[in-house]
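Written below as structure tokens is the structure these notes are about.
The values are calculated or read from the model by the stated rules, or taken from the named source; none is laboratory data. Note that this is a predicted model, so its numbers are computed, not measured. Cβ placement follows ideal geometry from the backbone for every residue including glycine, while neighbour counts extend to all protein chains displayed. Please note that ligands, DNA and RNA were not included when accessible areas were found on the heavy atoms of the full protein model with its side chains. Shrake-Rupley method; radii C 1.70, N 1.55, O 1.52, S 1.80 Å.
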Amino acid sequence: MPHNDHCQEIFLTNLPSLVLEKILLYLSYEQIAQLRLVSRLFNFTCRSLLNQGFRAAERFHAKCFKEVKIKLPRRESERRSHRLARHCDILTAVETRISLLGMTFLKYVDLDLCCFIPGRVVDEIFSVLKCIQREENPPRAYEVLQELRDISSMAMEYFDEKIVPTLHAYLPISPLQFGSTGFSLNLQDQTSPSTPAGHQPRCLAALSERGDPSTEH
């Protein structure tokens with residue numbers, strides 16, 4: 001019997017979204033960010049994975065920091081000579097860097113105007129945190145964090161200068177969508193590529209008509 005009689009082609013685009021996500025997670029976040037250009041489906045899926053990746057990096061950092069703090073002595077004077085002092089310094093610096101990235105990107109991510117675009121930054125955060133877990137005597141903070149500081153600074157500068165101006169037109173202006181301390185609306189509902197434009201949030205419908213600015217970079 002000919003082999004091709006029972007051969008059935010399977011395309012990635014025909015797979016369930018959960019299966020596609022599992023496959024893509026074998027790649028680095030930098031590669032996932034690049035795959036957003038493939039199609040609308042890939043853009044939708046990769047946007048979600050990049051956002052999840054940054055949140056996962058936040059949780060992993062919190063876990064690592066908690067484990068280190070438990071082992072540190074209570075007295076500040078004793079902490080400086082402790083074997084985990086360098087670990088603590090690095091984790092503190094990573095915490096600051098994650099906070100800066102969050103303040104830069106998450107306002108727009110929560111409004112579903114873009115995703116956490118710099119996948120390479122997520123990769124580097126995980127790389128630093130795994131180094132902390134693996135090494136009993138890690139390099140000094142400035143040596144471990146040089147790459148993370150460089151690429152995250154470039155990502156934030158580029159986002160503020162090139163992408164944020166294109167997103168301002170899509171920001172909600174209704175008083176109901178702003179709180180006294182900033183944005184109070186969080187568009188948690190993720191729409192699928194097949195969702196009709198009429199059923200999308202207003203800002204997403206506008207994006208579908210005029211093009212998603214975040215996919216251009």
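If a residue has to be part of a loop (DSSP other than H, G, I, E, B) and under 16 Å from the mean Cα position of the chain (by Cα) to count, how many in region 58-97 make the cut?
0
Does Leu41 satisfy the condition of being open to solvent by 40 Å² or more (accessible area, probe 1.4 Å), assigned to a helix (DSSP H, G or I), in contact (Cβ under 8 Å) with a residue 60 or more places away in the chain and more than 18 Å from Phe105 (Cβ to Cβ)? Steps first, please.
Working: open to solvent by 40 Å² or more (accessible area, probe 1.4 Å): yes; assigned to a helix (DSSP H, G or I): yes; in contact (Cβ under 8 Å) with a residue 60 or more places away in the chain: yes; more than 18 Å from Phe105 (Cβ to Cβ): yes.
Criteria met by Leu41.
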| task | Starting from region 99-110, keep only residues that are closer than 12 Å to Ala155 by Cα and in a helix (DSSP H, G or I), then list their pairs with residues that are modelled with pLDDT of 95 or more and among the aliphatic types (A, V, I, L, M) whose Cβ atoms are within a distance under 7 Å, requiring at least 6 positions of separation or different chains. | result | Leu100/Met156; Leu101/Val121; Leu101/Met156; Thr104/Met156
| note | Exception for Arg149 within (1) in contact (Cβ under 8 Å) with a residue 60 or more places away in the chain; (2) not in a loop (DSSP other than H, G, I, E, B) falls at (1)
| message | Test of understanding: among Arg55, Arg36, which residue is part of a helix (DSSP H, G or I) and in contact with a Cys (Cβ under 6 Å, 6 or more places away or on another chain)? | response | Arg36
